[in-house]
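Colleague: Sending over a structure as structure tokens; questions will come in a sec.
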Amino acid sequence: MNNHPAALALHHLGAATDVPKERPILQLQQVNIHYGQFHAVKDATFDILEKHVTAFIGPSGCGKSTVLRSINRMNDMIRGSRMEGKILFNDHDLYADQVDPVLIRRRIGMVFQKPNPFPKSIHENIAWGARINGYKGDFDELVEQSLRQAALWDEVKDKLKQNALRLSGGQQQRLCIARTIAVQPEVILMDEPASALDPIATGRIEELILELKNSYTIVIVTHNMGQASRVSDHTAFFMVDEKRTGYLQEYAPTEQLFLNPQHKKTEQYISGKFG
Amino acid sequence: MSGMHAFGKAQDIAALMNRRRANAVAWNLVFILSTALAVLFLLLLVCSIVDSVFGYAVLTDEIEPSALVPAKSSVGDFSRQELEEVALTRLSSGVLRRVEHEKPIAQRSDKDLRDLVEHYVVKPKVLRTWGFWDSLTKRAEVSAFIARNPGSYASFRSWLTPSFIVSDQSADPLRAGIRTALLGSLWIIMITFLFAFPVGVGAAIYLQEYALDTRLNRILKLNIFNLSAVPSIIYGLLGLAVFVRAMEPFTSGALFRSFTDNTANGRTIVSGGLTLGLLVLPIIIINTQEALKAVPDSLRMSAYGVGATKWQTIWYQVLPVSVDRILTGTILALSRALGETAPLVVIGASTFISVDPSGIFSKFTTLPIQIYQWSARPQGAYRNIAAAAIVSLMILLLLMNSVAIHTRDKIAKKKRLES
Ligand SMILES: Nc1ncnc2c1ncn2[C@@H]1O[C@H](COP(=O)(O)OP(=O)(O)OP(=O)(O)O)[C@@H](O)[C@H]1O
Ligand SMILES: [Mg+2]
């Protein structure tokens, strides 16, 4: 999978052994999500390819975060949310009765819009997730590896005992990425990971995503068209209908979607006409 | 609307600014005044209590020391030989036999003998006391009083002394102390803590983190809120019915065959502690819920995001950051319990015992009950020892709180920097 030192016991739902080049690792089929009476997302159907970067774009409130959260069952934690349809992860239904959402969240990690490290030391931020998941290896090594992968090691190697909240916003966000990597997920979901950061920190996150693509499947929500075109292989464009329900307007390889959009709304959106 | 004009002309803006400034000044004044008023009343309270703790007492002896040993006006001046002689000749035979049985006169320390002679032979009695302020300003009144009462003498004393803390209950205010009540209070507060803290925090965790937002749970939360406003005496009635009566086999210790005396029935330290536990339970629950509510959801989400279970999230992430608020609430709740009288009186706390509590199935009295008892008596000296006991209670509260705050800060610091 990757050159990670972690030897976490992986309870595969059924991972493929030989990886074809364009294997869909996640398949969304007729996904509908409600918050109470409110129909937030309707009929989203598309595949997310393994070890690709998939970007979600679209105007505010169109349900990008909602769809993203449904992929690692984080939406379960929101009171009143309801999901219909199917999401297949390595061909197995994520919402089947016997599936434990806790395990899903370990295998499909998440990085949030606002950097939210644990109010603990840098070391503990990374070690904790691995520890509660039963990691038995060398924690110092795990911390170093994860921080290196997140391109943060050089900046923090001398202050691993320091509270993570004292890092800058950009460093905190990379720490959150490192913490997600440390539990060895297969997929990393990122909800506007750079929206709170300056252009330099944003640039580093983007480099990081391209780097991580070799080992992980990445799904990223972004409002930044440039970012989507720079980092992603595929782009999903969401829109809202007149009842404010989100739907998937267009899904295509990124280059194609940006250079040759099939829908008028897509073209208007990416050229900044609305949203 | 065209820009600035919507806010009026320059002079309108200036007038508005002036009004706003005046408004701010007025409110500021109100706040300062209310703070000053609060401080003033607090000072008055402290002064009025401390005033009774120090001051003149006019005493009279049943047998003056000079009648025992010529030319010596105080037992403190007696020599060892004189002390032994007085003790052997003047103590009544019954007392002497008991004293000798406890420890032979010859082997007792000087101080011991002096106390014996004071208590059983000289027998000083308080005629009248003056507060600190009166002692300073009304010396003439004290002298006149002494002149009117031959054989009396004045002594300026502090009613709060080390021996007041360590002595047991006595009908004589000069010898009475608070040891039994103090121990009772400590035992009770321990039971209260052991019961109310885990149950309260557990219930709050359930209600805040697990319970769904159903109608039933909302009603439950509202009622817990209401419970915290129920007068404490009601809890006393509840404790009487449940702990003292219904659960007597347990609360009297009969179930464990470890009760020290069977006159207590259910009116034991466990019953008292549990009753106060019920009293502070809603406070602890509400406080803990507020503490948990203050933890941002983003922290929970980040824990779930790395594959933590709900319990791991609560235990390793949510509780560590809310622990200081939870403990602060608990400290406040326990302080309240420490000062409660009514519910304990209702469940039948002993009012006059001199036997120290020896365990959770003992009879007990507590400091507030002791204070209540003493302040209800008309003789002057009781008022003074009541004040001394109040000061002791306040010192105990301060001590307990500072220990608790210290532990809390240590825990919180450790949790924050845990690596
Ligand atoms: N927890 C929630 N409870 C109820 N409604 C919600 C909740 N979260 C989102 N919604 C609603 O669902 C719709 C989609 O929200 P979502 O956050 O997924 O949009 P988004 O595309 O991520 O927007 P943005 O780009 O602003 O982040 C919105 O109308 C929003 O009001
Ligand atoms: Mg969003």
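Colleague: Looking only at residues in region A:52-95 that are within 15 Å of A:Tyr35 (Cβ to Cβ) and assigned to a strand (DSSP E or B), which one is nearest to ligand 2 (Cβ to nearest atom)?
Modeller: Ranking the qualifying residues of region A:52-95, first place goes to A:Ser81.
Colleague: Sticking with this structure for a sec: Given the structure, is B:Ser73 polar (S, T, N, Q) and part of a loop (DSSP other than H, G, I, E, B)?
Modeller: Numbers: polar (S, T, N, Q): yes; part of a loop (DSSP other than H, G, I, E, B): yes.
Considered against the rule, which asks whether it is polar (S, T, N, Q) and part of a loop (DSSP other than H, G, I, E, B), B:Ser73 comes out as yes.
Colleague: Quick one: how many residues across region B:47-64 are within 30 Å of the chain's Cα centre (by Cα) and either without any contact (Cβ under 8 Å) to a residue 40 or more places away in the chain or exposed (fewer than 15 other Cβ atoms within 10 Å of the Cβ) (or both)?
Modeller: Counting residues in region B:47-64 that are within 30 Å of the chain's Cα centre (by Cα) and either without any contact (Cβ under 8 Å) to a residue 40 or more places away in the chain or exposed (fewer than 15 other Cβ atoms within 10 Å of the Cβ) (or both) gives 2.
Colleague: On to the next question. Tell me the residue from B:Leu216, B:Leu222, B:Leu278, B:Leu292 that is assigned to a helix (DSSP H, G or I), under 25 Å from B:Ala337 (Cβ atoms) and free of Cβ contacts under 8 Å to residues at least 40 places away in the same chain, please.
Modeller: Values: B:Leu216 fails: under 25 Å from B:Ala337 (Cβ atoms); B:Leu278 fails: free of Cβ contacts under 8 Å to residues at least 40 places away in the same chain; B:Leu292 fails: free of Cβ contacts under 8 Å to residues at least 40 places away in the same chain.
Exactly one of B:Leu216, B:Leu222, B:Leu278, B:Leu292 is assigned to a helix (DSSP H, G or I), under 25 Å from B:Ala337 (Cβ atoms) and free of Cβ contacts under 8 Å to residues at least 40 places away in the same chain, namely B:Leu222.
Colleague: Moving on. Identify all residues within region B:18-62 that are in contact with a helix residue (DSSP H, G or I) (Cβ under 8 Å, 6 or more places away or on another chain) and not in a helix (DSSP H, G or I); write none if there are none. Quick ask: steps written out before the conclusion?
Modeller: Going through region B:18-62, the residues in contact with a helix residue (DSSP H, G or I) (Cβ under 8 Å, 6 or more places away or on another chain) turn out to be B:49-58, B:61-62.
Residues satisfying the conditions are B:Phe54, B:Gly55, B:Tyr56, B:Ala57, B:Val58, B:Asp61, B:Glu62.
Colleague: Look through A:Gln29, A:Gln98 and report the one residue that is away from every other protein chain (no Cβ under 14 Å), in contact with a strand residue (DSSP E or B) (Cβ under 6 Å, 6 or more places away or on another chain), not acidic (Asp, Glu) and not in a helix (DSSP H, G or I). Working first, answer last.
Modeller: Numbers: A:Gln98 fails: in contact with a strand residue (DSSP E or B) (Cβ under 6 Å, 6 or more places away or on another chain).
The match here is A:Gln29.
Colleague: When you scan region A:99-113, how many residues do you find that are at pLDDT 90 or above and within 16 Å of ligand 1 (Cβ to nearest atom)?
Modeller: 3
Colleague: Follow-up question, since we're still on this one. Scan A:Gln184, A:Gln171, A:Gln249 and give me the residue that is more than 16 Å from ligand 2 (Cβ to nearest atom) and on the phi > 0 side of the Ramachandran plot.
Modeller: Details: A:Gln171 fails: on the phi > 0 side of the Ramachandran plot; A:Gln249 fails: on the phi > 0 side of the Ramachandran plot.
The unique qualifying residue is A:Gln184.
Colleague: Condition first: within 14 Å of chain B (Cβ to nearest Cβ) and within 16 Å of ligand 1 (Cβ to nearest atom). Now tell me which residues in region A:188-239 satisfy that. Break it down into steps so the answer makes sense when it comes.
Modeller: Within region A:188-239, the first condition is being within 14 Å of chain B (Cβ to nearest Cβ), and the residues that meet it are A:188-193, A:196, A:219.
Residues satisfying the conditions are A:Leu189, A:Met190, A:Asp191, A:Glu192, A:Pro193, A:Ala196, A:Val219.
Colleague: Right, another one. Step by step: first the residues of region B:320-337, then only those that are surrounded by fewer than 22 Cβ atoms within 10 Å (Cβ to Cβ) and touching a residue at least 60 places away in the same chain (Cβ under 8 Å), then the one that is nearest to B:Gly272 (Cα to Cα). Which residue is that?
Modeller: The selected residue is B:Ser335.
Colleague: Looking at A:Gly61, is it within 16 Å of ligand 1 (Cβ to nearest atom) and either closer than 26 Å to A:Val240 by Cα or in contact (Cβ under 8 Å) with a residue 12 or more places away in the chain (or both)? Lay out the reasoning, then the answer.
Modeller: Details: within 16 Å of ligand 1 (Cβ to nearest atom): yes; either closer than 26 Å to A:Val240 by Cα or in contact (Cβ under 8 Å) with a residue 12 or more places away in the chain (or both): yes.
Criteria met by A:Gly61.
Colleague: Do you know which of the residues in region B:195-206 that are crowded, with 19+ Cβ neighbours inside 10 Å and aliphatic (A, V, I, L, M) is nearest to the other protein chains (Cβ to nearest Cβ)? Before the answer, list the steps.
Modeller: As a first pass, look at region B:195-206 and keep what is crowded, with 19+ Cβ neighbours inside 10 Å: B:195-197, B:200-201, B:203-205.
Adding the requirement that they be aliphatic (A, V, I, L, M) leaves B:196, B:201, B:203-205.
Details: B:Ala196: 28, B:Val201: 20, B:Ala203: 20, B:Ala204: 18, B:Ile205: 16 Å.
Here the answer is B:Ile205.
Colleague: Which condition from (1) within 16 Å of ligand 2 (Cβ to nearest atom); (2) on the phi < 0 side of the Ramachandran plot; (3) not charged (D, E, K, R) is the one that A:Ile122 breaks?
Modeller: All conditions are met except number (1).
Colleague: Hey, could you check region A:140-184 for residues that are more than 13 Å from chain B (Cβ to nearest Cβ) and of a type in the set (Asp, Glu) and say which is farthest from A:Ala196 (Cα to Cα)?
Modeller: Selected residue: A:Glu141.
Colleague: For region B:277-324, name all the residues that are among the charged types (D, E, K, R), under 30 Å from B:Pro368 (Cβ atoms) and within 14 Å of another protein chain (Cβ to nearest Cβ).
Modeller: Scanning region B:277-324 gives a single hit, B:Asp324.
Colleague: Just give me the residues in region A:216-231 being closer than 18 Å to A:Gly63 by Cβ and surrounded by 20 or more Cβ atoms within 10 Å (Cβ to Cβ), in sequence order.
Modeller: Residues satisfying the conditions are A:Val219, A:Ile220, A:Val221, A:Thr222, A:Ala228.
Colleague: Which one is farthest from A:Ala201 (Cα to Cα) among residues in region A:107-128 that are at the interface with chain B (Cβ under 7 Å from one of its Cβ atoms) and under 17 Å from the mean Cα position of the chain (by Cα)?
Modeller: A:Gly109
Colleague: Residues B:Asp356, B:Asp409: which one is acidic (Asp, Glu), surrounded by fewer than 17 Cβ atoms within 10 Å (Cβ to Cβ) and assigned to a loop (DSSP other than H, G, I, E, B)? So that I can check it myself, show each step before the final result.
Modeller: On the way: B:Asp409 fails: assigned to a loop (DSSP other than H, G, I, E, B).
Just a single option satisfies the conditions, and that option is B:Asp356.
Colleague: Can you give me the number of residues within region A:192-226 that are within 16 Å of ligand 2 (Cβ to nearest atom) and within 15 Å of the chain's Cα centre (by Cα)?
Modeller: Adding up the residues that qualify gives 9.
Colleague: What residue, of A:Val99, A:Val143, A:Val156, A:Val111, is within 16 Å of ligand 2 (Cβ to nearest atom) and of a type in the set (Val, Ile, Thr)?
Modeller: Details: A:Val99 fails: within 16 Å of ligand 2 (Cβ to nearest atom); A:Val143 fails: within 16 Å of ligand 2 (Cβ to nearest atom); A:Val156 fails: within 16 Å of ligand 2 (Cβ to nearest atom).
Just a single option satisfies the conditions, and that option is A:Val111.
Colleague: Looking at A:Glu242 and the list (1) touching a strand residue (DSSP E or B) at 6+ places or on another chain (Cβ under 8 Å); (2) of a type outside the set (S, T, N, Q); (3) within 16 Å of ligand 1 (Cβ to nearest atom), which single condition is not satisfied?
Modeller: Single failed check for A:Glu242: (1).
Colleague: Scan region A:110-165 for residues that are surrounded by fewer than 19 Cβ atoms within 10 Å (Cβ to Cβ), acidic (Asp, Glu) and not in a loop (DSSP other than H, G, I, E, B) and report the count.
Modeller: Matching residues across region A:110-165 total 5.
Colleague: Restricting the search to region A:34-51, which residues are more than 18 Å from the chain's Cα centre (by Cα) and either modelled with pLDDT under 90 or more than 13 Å from ligand 2 (Cβ to nearest atom) (or both)?
Modeller: A:His34, A:Tyr35, A:Gly36, A:Gln37, A:Phe38, A:His39, A:Lys42, A:Asp43
The values are calculated or read from the model by the stated rules, or taken from the named source; none is laboratory data. Computed from a prediction, not measured in an experiment: that's the story for all the values here. All Cβ positions, glycine included, derive from the backbone under ideal geometry; neighbour counts span all protein chains shown.
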